[in-house]
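K.L.:
Below: one structure in structure tokens.
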Amino acid sequence: MSARTLTAVAVLLIGLSLALPALATGYVVYIGNLLLVFVVLSLGLHIVIGEAGQFSLAHAAFYGIGIYTAALSAKVLGLPFWLALPAGGLLAALCGLAIGVLSLRMRDIYLALSTFAFGEAMQWVFLNWTPVTGGPNGLAIPPAEVFGHPILTDKAAFPLVAGVTLVIVALVAGLHASGLGRAFRAVRESEVAAAAVGINVRRTKLLAFTLSAFLAGAAGGLFTTFSTFIHPDSLGFQTTILVLTMIVVGGVGSVTGALGGAVAFGLVSELLRQVPSYQEMIYGGILILVMMYAPRGVFTLVGRR
């Protein structure tokens, strides 16, 4: 992501933070909040797949860990938002590190299957650990608090969600341009060549996996600022596929692609909410078209013109 694009994103988010809560309905602002959560979630998956070239199908699980940790930290411990959000991210990162240690010895389809198994196991935990997660009845999320003031509406949450999202976009763009980002991409292109120039391949892949899980957990923490309820059904494999589709359609390996794909496909997902039977068919059709005519992603294609 160029400095000009990052500046444009910053101006857009600041402008929306000022205008949207004043001019739009509560539903529109809710969609805006949800799209920003998708942006953070997609950037997390972008780090492990787009930058480091590793398969991961556990992102919905890390996202759920972030949601439940942030919600329970506020509900049981009374932690404010500024502590609950990083708590969700850190627990997700620790889980990501543990799964990475166990599964990154594998590659390709075997790595994908091991992370898929973790995601399915975590959804079972969300559904059956009833005393903690509420089980199939879901969990009521208390209002997030900032400096003692509860956030009670989507409009009140939007500037906070936009601000945190802007910081994360800037950090991921900085990571892409840093030496660590170049090490990620070196491992993605050739582990043998990366090791030959002195890069610790295993440590680099673990770091990418852990950072990716942290951002997914942080996205879960952001979700608790404007949502009042979470159900395990929304944290299943479909959510992982949705986020994976966002970065593939936007452009694998591109921060701009992940950002654009999250916004575009988040809107498509919301438009298709009333026709759930057709969602998978339409997602599949879009993926086929993108793979045929824009394999590097829609937004990277636009960026080159």
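The values are calculated or read from the model by the stated rules, or taken from the named source; none is laboratory data. None of the values given here were measured: they were computed from a predicted structure. All Cβ positions, glycine included, derive from the backbone under ideal geometry; neighbour counts span all protein chains shown. For the accessible areas, the whole protein counts, side chains as well, though only heavy atoms, and no ligand, DNA or RNA atoms are used. Shrake-Rupley method; radii C 1.70, N 1.55, O 1.52, S 1.80 Å.
K.L.:
Considering (1) touching a helix residue (DSSP H, G or I) at 6+ places or on another chain (Cβ under 7 Å); (2) more than 20 Å from V48 (Cα to Cα); (3) open to solvent by 50 Å² or more (accessible area, probe 1.4 Å), say which one G78 fails and leave the rest.
P.N.:
Failed condition: (1).
K.L.:
Please count how many residues of segment 251-300 are open to solvent by 90 Å² or more (accessible area, probe 1.4 Å) and either within 22 Å of N33 (Cα to Cα) or within 15 Å of the chain's Cα centre (by Cα) (or both).
P.N.:
The total comes to 3.
K.L.:
Limited to segment 95-109, what total is found for residues that are open to solvent by 50 Å² or more (accessible area, probe 1.4 Å) and touching a helix residue (DSSP H, G or I) at 6+ places or on another chain (Cβ under 8 Å)?
P.N.:
Residues that pass the stated criteria total 4.
K.L.:
Is it true that some residue in segment 223-236 is crowded, with 17+ Cβ neighbours inside 10 Å, in a loop (DSSP other than H, G, I, E, B) and either without any contact (Cβ under 8 Å) to a residue 40 or more places away in the chain or among the small types (G, A, S) (or both)?
P.N.:
So far as segment 223-236 goes, yes, one or more of its residues are crowded, with 17+ Cβ neighbours inside 10 Å, in a loop (DSSP other than H, G, I, E, B) and either without any contact (Cβ under 8 Å) to a residue 40 or more places away in the chain or among the small types (G, A, S) (or both).
K.L.:
So, in segment 97-153, exactly how many residues are within 17 Å of A208 (Cα to Cα), touching a residue at least 24 places away in the same chain (Cβ under 8 Å) and not hydrophobic (A, V, I, L, M, F, W, C)?
P.N.:
Matching residues across segment 97-153 total 3.
K.L.:
Oh, and also: Answer yes or no as to whether A71 is out of contact with any helix residue (DSSP H, G or I) (no Cβ under 6 Å at 6 or more places or on another chain), touching a residue at least 40 places away in the same chain (Cβ under 8 Å) and open to solvent by less than 10 Å² (accessible area, probe 1.4 Å).
P.N.:
When the stated conditions are applied, A71 passes them.
K.L.:
From the list V167, V192, V201, which one is over 22 Å from the mean Cα position of the chain (by Cα), open to solvent by 70 Å² or more (accessible area, probe 1.4 Å) and without any contact (Cβ under 8 Å) to a residue 24 or more places away in the chain?
P.N.:
V192
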